[in-house]
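The values are calculated or read from the model by the stated rules, or taken from the named source; none is laboratory data. Bear in mind the structure is a predicted one, so any value in this text is a computation, not a measurement. We place every Cβ from the backbone using ideal geometry, glycine too, and count neighbours over all the protein chains shown. Accessible surface is based on the protein model in full, side chains and every heavy atom, while ligands, DNA and RNA are left aside. Shrake-Rupley method; radii C 1.70, N 1.55, O 1.52, S 1.80 Å.
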Amino acid sequence: EHVSATGENPTAKPNTHSYTAAIEAYANSGVEGSPQKTEEVLNRMIDKYQSGDPDVLPNARCFNAAISAYAKSDLPGAAQQAEYLLNCMDGLYMSGLPDAKPNTFNYNSLISAWANCDEEGSAQKAAEILERMEQSYAYGDPSSKPTTVSFNAVIDAYAKSGLHDAAERAEEVLRRMEYLYKSGEDVEPNTRSFNSVMNAWAKSGRDDAAEKAQDLLDFMTHLHEEGNDAVRPDAHSFCTVINAYARSQMPGKAERANNLFRAMKAAYEAGNNNSVRPNVVAVNAVMNACAYTMGDVREQNRAMEIAHRQLKDLETSGFGSPDQVTYGTFLKVCMNQMPDCSTRQQITEVIFRKCVQDGQVGNLVLQQLKAMGPPELYFHLVGRDI
């Protein structure tokens, strides 16, 4: 810009490509203040265009880079600024610049901006953008056609929102996808679609949350067995439902969580789905269900048995190694499911020494050890007072 404006090198005059490259470089840099930098360059580009420069035409690509930069940032008001930029696009398009017409990529970037925003009402905003896309497409604009990415971003927004009816709304979006796909539209639900809805149910706090998540996993499994690879359940699918059981108040939740883990392991060993390979995260989730199991002595003993078996199997399975979460959660199982007695103290000492041997002594383990007591045991094992 400088050498061209001063006449030092008139051939170095920046054009649409030059500005777009600069905007994308800032957008992809990840440095502090990069969203504002993309907007500054974009505004200079718009000024050039509005001043009559025929070589500078703001387009959907350069706008998308700036919108995406805000979508990926954690700046206050980032989503609002992303929406402002999309509205600027629309204004330029309506004033006669066809290259600035908002398209699916621009809308998807804006939906992601709202999905990543933790402000109240952000999920509804994401849903409104999706509705705007659907309406525009219905009125004959193929460039704004919603995609699976569009719907998934709205589902993610609801899953993160904390709304009391977030899970229901997320599942409504999923059902809408299914309806449109069966009607011939190219918006096929995929594994991520289902996983996000199951996650919304797992975090909902509803009494029936675990059953709702389980129903979706069963439906995924059914679709996959019928040949639909787009909804192939993966390890995250199973872990999400196991976590839903762990968070529930259901009787027998340790058994249910363990059964899911066994189904996951069987599916992997059958050789039909490598994406369900069990891992330490799944083991820890089952142990968490054991730790918070409530019921009679029989159910407590069963939870203890499941947790112990999971720990022993993990050590020899090849699916991973126990980490500090594994050891800390197992100690919590012991505290919650065993009476405070010499046997519990002996188990605690054995587990802690194994944890030391594996180099997995972290804050979680030490905090749990403190909670279990007595102080003398903590001093004996750690070498300092609580």
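I'd like to check which helices (runs of 4 or more DSSP H) are fully inside segment 244-363 and have at least 2 residues that are open to solvent by 50 Å² or more (accessible area, probe 1.4 Å) and out of contact with any helix residue (DSSP H, G or I) (no Cβ under 7 Å at 6 or more places or on another chain).
253-269, 297-317, 342-357
Do we have V382 as over 26 Å from E299 (Cβ atoms), of a type in the set (V, I, T) and open to solvent by 50 Å² or more (accessible area, probe 1.4 Å) here?
no
So is A123 among the aliphatic types (A, V, I, L, M), over 20 Å from A27 (Cβ atoms), touching a Ser or Thr at 6+ places or on another chain (Cβ under 8 Å) and surrounded by 22 or more Cβ atoms within 10 Å (Cβ to Cβ) or not?
Yes: the conditions hold for A123.
Filter segment 364-379 down to the residues that are surrounded by 14 or more Cβ atoms within 10 Å (Cβ to Cβ) and over 26 Å from T316 (Cα atoms) and list them by number.
Those that are surrounded by 14 or more Cβ atoms within 10 Å (Cβ to Cβ) and over 26 Å from T316 (Cα atoms): M372, G373, L377, Y378.
Out of all the residues in segment 277-326, which are touching a Pro at 6+ places or on another chain (Cβ under 6 Å) and aliphatic (A, V, I, L, M)?
L314
Looking at (1) in a helix (DSSP H, G or I); (2) hydrophobic (A, V, I, L, M, F, W, C); (3) in contact with a Phe, Trp or Tyr (Cβ under 7 Å, 6 or more places away or on another chain), can you tell me which one V154 breaks?
(3) is the only condition that V154 fails.
Test A200 against the criterion of being farther than 25 Å from N274 by Cβ, buried (at least 24 other Cβ atoms within 10 Å of the Cβ) and over 17 Å from the mean Cα position of the chain (by Cα), and give yes or no.
It is false that A200 is farther than 25 Å from N274 by Cβ, buried (at least 24 other Cβ atoms within 10 Å of the Cβ) and over 17 Å from the mean Cα position of the chain (by Cα).
Based on what the data block shows, is G227 open to solvent by less than 30 Å² (accessible area, probe 1.4 Å) and at pLDDT below 95?
The answer is no for G227.
Determine whether segment 163-177 contains at least one residue that is within 22 Å of D234 (Cβ to Cβ) and surrounded by fewer than 18 Cβ atoms within 10 Å (Cβ to Cβ).
Scanning segment 163-177 turns up at least one residue that is within 22 Å of D234 (Cβ to Cβ) and surrounded by fewer than 18 Cβ atoms within 10 Å (Cβ to Cβ).
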